[in-house]
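Asker: This structure is in structure tokens; I'll ask about it shortly.
Laboratory data are not the source of any read-out in this text; all were calculated from the coordinates shown. Bear in mind the structure is a predicted one, so any value in this text is a computation, not a measurement. Quick reminder, even Gly has a Cβ in these numbers, built from the backbone with ideal geometry, and neighbours come from all protein chains shown.
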Amino acid sequence: MSHAIRVKQPGGPEAMHWEAVQVGKPEAGEVRLRHTAVGLNYIDVYHRTGQYPLPSPFTPGMEGAGLVEELGAGVTDLKPGDRVAYASPVGGYAEERLVPADRLVKLPEAISDKQAAAMMLQGMTAQYLLRRTYRVQRGDTVLVQAAAGGVGLILCQWASHLGATVIGTVSSDEKAALAKANGCHHPVIYTREDFQARVVELTGGRKVAVVYDSVGKDTFAKSLDCLRPIGMMVLFGQSSGPVPPFDLGQLAAKGSLFITRPSLMTYTAKREDLLASANELFDVVMSGAVKISINQTYPLREAAQAHRDLEARKTTGSTIFTL
């Protein structure tokens, strides 16, 4: 019998339960996948708490890696035994699951299953943020909120590789050292420094071309004040809560700013975009330009503790579950 984490009603970490489940046979266009590693992301918390509602009961988890076990009708570009990974749909906290074949990406030999589980969602998020939402150019200065987190560390490395100057916010000296070791030129410890004033100081008053903000409510207003005229605010998460209603007239007053609230699901909805994003991610990782830091590992059945640590900001880099 296969097992999975199930959430019957939204709530705290205690709402997640390790249970026996029936997986079933893959239908047309599906694959039965046996996980070897599963990724932890903040969106899993949003699903668990009901902030991003899902029909209950459900299995959380947006990314994983593993082996193809069985093919449904019409699946021709995969075979049993193939190593694959994905960053959607939800349902990853499971030993085995059914996945639409068109959401799976074959893994190069040089990418391990653990690396893939740690980077598919976070790494492809960094890819679309840096290469499509705002295309970072050599000479740009960028601000990364939560620079020591999973997406943050990848953003810092990749933006630095592209020739940008990277300013990043962190909560402690330890996280500042980690961010600096991963391409962040100027870590700012927001617990004792005003990050907006520090950005102005570091840029000589010019401010930054783009802010990548996954924090939301607590940082949004000051993030806007870090932008140069015609700069772009990219709000791609809300770990501190949703941003309150906002007068768009402020964008004009603050310098004709742009603002967007993108999601990976939109940017990879087309199969060709998914493959292009994954392949560019694989390339920068295999070249050594971006290193995936797996700093925490938990058995999948201990997902509740992993969520507690994530919400308490005890984690850095990427976190994976093993099976």
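Asker: Once R0 is set to 25 Å, what does the formula 1/(1 + (r/R0)^6) return for the Cβ-Cβ distance between Tyr52 and Asp102, expressed as a FRET efficiency to the nearest 0.05? If you can, show how the numbers build up before the last one.
Answerer: Values: r = 23 Å, r/R0 = 0.91.
So, using R0 = 25 Å, E works out to roughly 0.65.
Asker: When only alpha-carbon atoms count, how far does region 199-244 stretch along each of its three principal axes, as whole angstroms with the largest first?
Answerer: Dimensions of region 199-244 along the principal axes of its Cα atoms: 31, 18, 14 Å.
Asker: Please enumerate, by chain and number, the aspartates and glutamates with C-alpha under 14 Å from the C-alpha of Lys25, excluding those fewer than 8 residues away in the same chain.
Answerer: Glu69, Glu70, Glu96
Asker: Could you give the length gained on full extension between Asp173 and Thr76, defined as 0.36 nm per residue of separation minus the Cα-Cα distance, in nm?
Answerer: On the way: separation 97, 0.36 × 97 = 34.92 nm, distance 5.08 nm.
Result for the pair: 29.8 nm of gain on full extension.
Asker: How far apart, in nm, are two points set 7 Å out from the Cα along the Cα-to-Cβ line at Arg132 and at Arg192?
Answerer: Taking the simple label geometry, Arg132 and Arg192 are separated by 4.1 nm.
Asker: What is the chain's relative contact order, in percent, from Cα pairs under 8 angstrom and six or more apart in sequence?
Answerer: Values: 726 pairs, mean separation 55.8, N = 323.
Reported relative contact order: 17 percent.
Asker: Using a simple charge model, +1 on the beta-carbon of Lys and Arg, -1 on the beta-carbon of Asp and Glu, nothing else, what dipole does the chain show about its Cα centre, in debye to the nearest 20? Intermediate results must be reported in sequence, preceding the final value.
Answerer: Numbers: 34 positive and 32 negative charges, 117 e Å.
Rounded to the nearest 20 debye, it is 560 debye.
Asker: Moving to a separate point now. Please arrange Thr266, Thr76 by counting, for each residue, the other beta carbons lying within 10 Å of its beta carbon, fewest first. Present the calculation step by step, with values, prior to reporting the outcome.
Answerer: Working: Thr266 10, Thr76 7.
Ordered by Cβ neighbours within 10 Å, fewest first: Thr76, Thr266.
Asker: Can you list the lysines whose alpha carbon is less than 21 Å from that of Lys291, not counting same-chain residues fewer than 8 positions off?
Answerer: Within the straight-line limit of under 21 Å, Lys291 reaches these lysines: Lys106, Lys114, Lys175, Lys180, Lys314.
Asker: A further question on this structure: Taking the chain, how much of its Cα-Cα pair set, in percent, is spaced more than 36 angstrom apart?
Answerer: Working: 9297 of 52003 pairs.
Cα-Cα pairs of the chain separated by over 36 Å account for 18 percent.
Asker: Report Rg/Rh for region 138-261, rounded to two decimals, where Rg is the Cα radius of gyration and Rh the Kirkwood radius.
Answerer: On the way: Rg = 13.3 Å, Rh = 14.1 Å.
A ratio of 0.94.
Asker: Treat the count of other C-beta atoms within 10 Å as a stand-in for reagent exposure and order Arg6, Arg138 from fewest to most.
Answerer: Values: Arg6 19, Arg138 8.
With the fewest neighbours first, Arg6, Arg138 line up as Arg138, Arg6.
Asker: May I ask you to derive the FRET efficiency for Asp218 and Asn279 from their Cβ-Cβ distance with R0 = 35 Å, giving the value to the nearest 0.05? Kindly include the intermediate steps, with their values, before the conclusion.
Answerer: Details: r = 35 Å, r/R0 = 1.00.
Efficiency, rounded to the nearest 0.05: 0.50.
Asker: Hey, which aspartates and glutamates would be in cross-link range of Lys217, C-alpha to C-alpha under 17 Å, not counting anything within fewer than 8 residues on its own chain?
Answerer: Within the straight-line limit of under 17 Å, Lys217 reaches these aspartates and glutamates: Asp194, Asp225, Asp247, Glu311.
Asker: Go through Val166, Thr315, Pro108 and say which Cα lies farthest out towards the positive end of the charge dipole of the chain; charges sit on Cβ, +1 for Lys and Arg, -1 for Asp and Glu.
Answerer: Projecting each Cα onto the dipole axis, the largest value belongs to Val166.
Asker: If you take the charge dipole of the chain about its Cα centre, with +1 on Lys and Arg Cβ and -1 on Asp and Glu Cβ, which of Gly139, Asn295, Gly12 is farthest toward its positive end?
Answerer: Going by the Cα projections, it comes out as Gly139.
Asker: Note the full-extension length gain between His185 and Glu201 as 0.36 nm times their separation in residues minus their Cα-Cα distance, in nm to one decimal. Before the final figure, lay out each step's value.
Answerer: Working: separation 16, 0.36 × 16 = 5.76 nm, distance 1.41 nm.
Roughly 4.4 nm would be gained on extension.
Asker: Using 7 Å Cα-to-Cβ label points, what is the Ala28/Asn295 separation (nm, one decimal)?
Answerer: Each label point lies 7 Å from its Cα, and together they span 4.7 nm.
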